[in-house]
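Undergrad: Take this structure, written in structure tokens, and hold onto it; I'll ask about it next.
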Amino acid sequence: MTDATVSRIKVVRGDITQLDVDAIVNAANESLLGGGGVDGAIHRAAGPGLLAECRAIGGCPTGEARITNGYRLKARHVIHTVGPVYNDGDSDEPKLLKSCYEQSLKLAQHRSLKEVAFPCISTGVFGFPKEEACEIAVTTVLNWLHAHDCPAHVTFCCFSEDDAAIYRTRLIASK
Ligand code: AR6
């Protein structure tokens, strides 16, 4: 991968609800009606307007994505994607996780968004192994950025320092 493509990716450790970007991605569930983890944090920070818009959407299948406004967040939009629950690793989990990243990027491109931030989708409550999920996330985002100008920048927002280290190591390896 070229340095120019890799340099469009940033890794930060922190709370995704605090980021001032065009869109943050939410690791949602198929109901789109909120939950725990990053989903709960995003709904708490965005306020009731987000839940109302999500309710009107009426759900989202695993591996797909939907976009809403950001309401009280600094982020202008929220892209809700539904990661797979990790079962045995042999039930399409990798394919579905890849699809989450691609479908989210596709929505960002469609709206001409410049900067999008992702959490580590499926690696909390849904139990996807962190290293394998990072490999899928970074490969999919790098391939997208290599082929598209939009979004211009992608941030991986990791909640723990351990997760951030996994992403930084993976990105260094891709240079
Ligand atoms: N900012 C960034 N990352 C966060 C934050 C935050 N504020 N809070 C947690 N994370 P999870 P999943 C990280 O469980 O595995 C919900 O109930 C967390 O450390 O939020 O896709 C939904 O409604 C982990 O690295 O999402 C679904 O039912 C990552 O976000 C289900 O959980 C994902 O962990 C989705 O499970």
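The values are calculated or read from the model by the stated rules, or taken from the named source; none is laboratory data. All values reported here derive from a predicted model rather than from experimental measurement. Cβ placement follows ideal geometry from the backbone for every residue including glycine, while neighbour counts extend to all protein chains displayed. Only protein heavy atoms, including side chains, enter the accessible area calculation; ligands, DNA and RNA are left aside. Shrake-Rupley method; radii C 1.70, N 1.55, O 1.52, S 1.80 Å.
Undergrad: Restricting to bridges with both residues inside the stretch 3-174, how much of the DSSP beta-bridge set is antiparallel, in percent to the nearest 5?
TA: Taking every DSSP beta bridge within the stretch 3-174, about 25 percent pair in antiparallel fashion.
Undergrad: Calculate what fraction, in whole %, of the accessible area of the stretch 50-175 sits on carbon and sulfur atoms when a 1.4 Å probe is rolled over the protein chains.
TA: That fraction is 52 percent.
Undergrad: Projected onto the charge dipole of the chain (+1 at Lys/Arg Cβ, -1 at Asp/Glu Cβ, origin at the Cα centre), which of Gly36, Ile121, His146 gives the Cα projection farthest towards the positive end?
TA: Final value for the positive-end residue is His146.
Undergrad: In deg cm²/dmol, rounded to 500, what helix-only [θ] at 222 nm does the chain give when every DSSP H run of at least 4 residues adds -39500 (n - 2.57) and the total is split over its residues? Show your work: numbers first, answer last.
TA: Working: 6 runs with 73 residues, N = 175.
Helices in the chain give a 222 nm mean residue ellipticity of -13000 deg cm²/dmol.
Undergrad: Taking a probe of 1.4 Å, how large is the accessible area per residue of the chain, in Å²? Intermediate values should be presented prior to the final figure.
TA: On the way: 8130 Å² over 175 residues.
For the chain, the per-residue accessible area is 46 Å².
Undergrad: Same structure again: Of Pro84, Ala65, Ser112, which is farthest towards the positive pole of the chain's charge dipole, taken about the Cα centre with +1 and -1 on the beta-carbons of Lys, Arg and Asp, Glu respectively?
TA: Checking the options against the dipole of the chain, the answer is Ser112.
Undergrad: Compare Phe126, Phe118, Phe159 by solvent-accessible area with a 1.4 Å probe and give them largest first, with all protein chains kept in place.
TA: Values: Phe126 55, Phe118 0, Phe159 155 Å².
Order by accessible area, largest first: Phe159, Phe126, Phe118.
Undergrad: Working with all protein chains in place, sort His110, His153, His148 by solvent-accessible area computed with a 1.4 Å probe, largest first.
TA: From most exposed to least exposed: His110, His153, His148.
Undergrad: Please give the charge dipole size of the chain, origin at the Cα centre, charges +1 on K and R Cβ atoms and -1 on D and E Cβ atoms. Round to the nearest 20 debye.
TA: Computed charge dipole of the chain: roughly 660 debye.
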